[in-house]
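Structure first, commentary second.
The values are calculated or read from the model by the stated rules, or taken from the named source; none is laboratory data. Values in this document were obtained by computation on a predicted structure and should not be read as measured data. FYI the Cβ positions are ideal-geometry reconstructions off the backbone, even for glycines, and counts take in every protein chain you see. Keep in mind that these areas ignore ligands, DNA and RNA; they rest on the heavy atoms of the full protein, side chains included. Shrake-Rupley method; radii C 1.70, N 1.55, O 1.52, S 1.80 Å.
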Amino acid sequence: MKNFISKESKIFFILHMPPPVHGAAMMGKYIHDSRVINKTFDCRYFNLTLAKNLQDIGKGGIRKFKDFIRQLWNIRKEVKAFQPDLCYVTPNAKGGAFYKDFVVVMMLKAMGQKVVIHYHNKGVTTRQHKFLDNFLYRNFFKNLKVILLAEPLYQDISKYVKRENVSICPNGIPTKETSPLKMSHPDFNILFLSNMMKEKGVWDLVEACRLLKKEGKKFHCDFVGKWSDITETDFYSRIQEYGLEQYITAHGAKYGDEKNAFFQKTDLFVFPTYYNNECFPLVLLEAMEQGIACISTNEGGISAIIQEGKTGYIVKKQEPQILAGKIEYLIDHPDICQQMGQTGKDRFDHEFTLDKFENQISKILKKIIFQDKYHLI
């Protein structure tokens with residue numbers, strides 16, 4: 001058995017890259033740009049994305065079908081020319097997108113390729129009771145190695161994959177050279193930063209703000225993100241209905257320094273998501289890096305990011321009253337909120353940096369390529 005790795009080890013990365021911008025696409029970009037991974041392996045990359053924007057994700061159509069046939073042809077041609085030691089694929093877990101990725105993976109298997117899949121979404125358990133999906137999953141997962149983002153996500157595939165064939169590799173994000181200093185501000189500042197979608201918990205946080213106002217709490221909540229199935233008109237109509245014009249401001253999508261400015265003035269990050277594909281939100285890592293306490297839900301692998309009562313709180317999904325209670329407690333105890341943020345910053349530095357991710361994913365891929373018998377971590 002070889003106990004070393006050489007540049008001649010070839011990996012064909014078939015993954016999602018932006019646009020559109022979402023967690024899986026950003027991690028695909030980080031892998032594509034990684035010096036560690038590209039120095040360790042001889043890499044080639046193929047962008048599996050068919051969606052043009054976030055609203056297009058999961059939808060079908062003639063254009064997508066034609067693009068998919070073109071993708072299959074190009075993937076097959078690339079595999080024959082490159083002859084990789086391993087094909088790395090980031091598939092979808094359910095629905096029409098899974099059927100598409102099923103064809104990709106089964107084609108790779110038919111070509112005699114060793115395949116590892118890296119899940120950035122979930123949903124197998126929601127479809128495994130269906131006869132067709134169950135049949136496809138059994139064939140799809142056969143002889144596959146799987147990488148998951150967090151241990152709680154294993155239950156989603158436990159029917160089909162033995163735990164010994166699963167690796168856990170948390171996402172990581174680039175670190176900034178210096179941590180920003182918190183700005184001084186009179187009110188307790190709350191931040192929501194994500195796409196303005198119902199399933200991201202926008203209306204739950206608005207309702208929590210209404211309850212906090214009713215209790216006489218002083219705060220301001222900034223909503224930062226691209227308008228999606230919640231429009232700017234609908235949002236401000238609800239704000240006016242609740243009389244929250246002085247408490248809530250929506251700013252649209254912000255990037256780079258403009259986005260960072262919101263983190264600088266934030267006391268508490270709130271992300272009450274119940275989005276069906278939520279697994280390991282990078283925005284929580286961004287908040288932790290900035291030393292901000294976080295409140296989120298027990299969706300996907302979030303419980304592996306937030307340590308209950310130490311770096312923030314996990315609340316029940318779609319329970320605005322419970323959410324408001326946790327926010328109110330931290331408004332009344334700013335010292336505890338600040339300590340949670342510092343604990344989260346320490347945890348981020350230890351577990352969730354991009355360097356940590358790159359080294360961990362490289363280690364996993366080495367094992368898959370070179371070891372005949374192994375136990376993935």
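Remarks
- Paramagnetic label zone (point 7 Å from Cα along Cα-to-C-beta, residue 159; backbone N under 11 Å) in region 129-147: 129-138
- The gain in end-to-end length when the residue 81 to residue 316 segment is fully stretched comes to 79.6 nm, 0.36 nm per residue minus the alpha carbon separation.
- Cα long-axis angle, helix 354-370 against the chain (0 to 90 degrees, to the nearest 10): 20 degrees
- Distance between the pseudo-spin-label points of residue 42 and residue 355 (7 Å out from Cα toward the beta carbon): 3.0 nm.
- Looking at region 225-377, the accessible area is 45 square angstrom per residue; that uses a 1.4 Å probe and ignores ligands, DNA and RNA.
- The chain - percent of accessible surface contributed by carbon and sulfur, probe 1.4 Å: 50 percent
- Helical content alone sets the calculated 222 nm signal of the chain at -13000 deg cm²/dmol, taking -39,500 (n - 2.57) per DSSP H segment of four or more residues and averaging over every residue.
- Shown here: percent of Cα pairs over 38 Å apart, derived from the displayed model; of the candidates (i) 17; (ii) 37; (iii) 22, it corresponds to (iii).
- Residues of region 60-160: accessible area per residue with a 1.4 Å probe, Å²: 47 Å²
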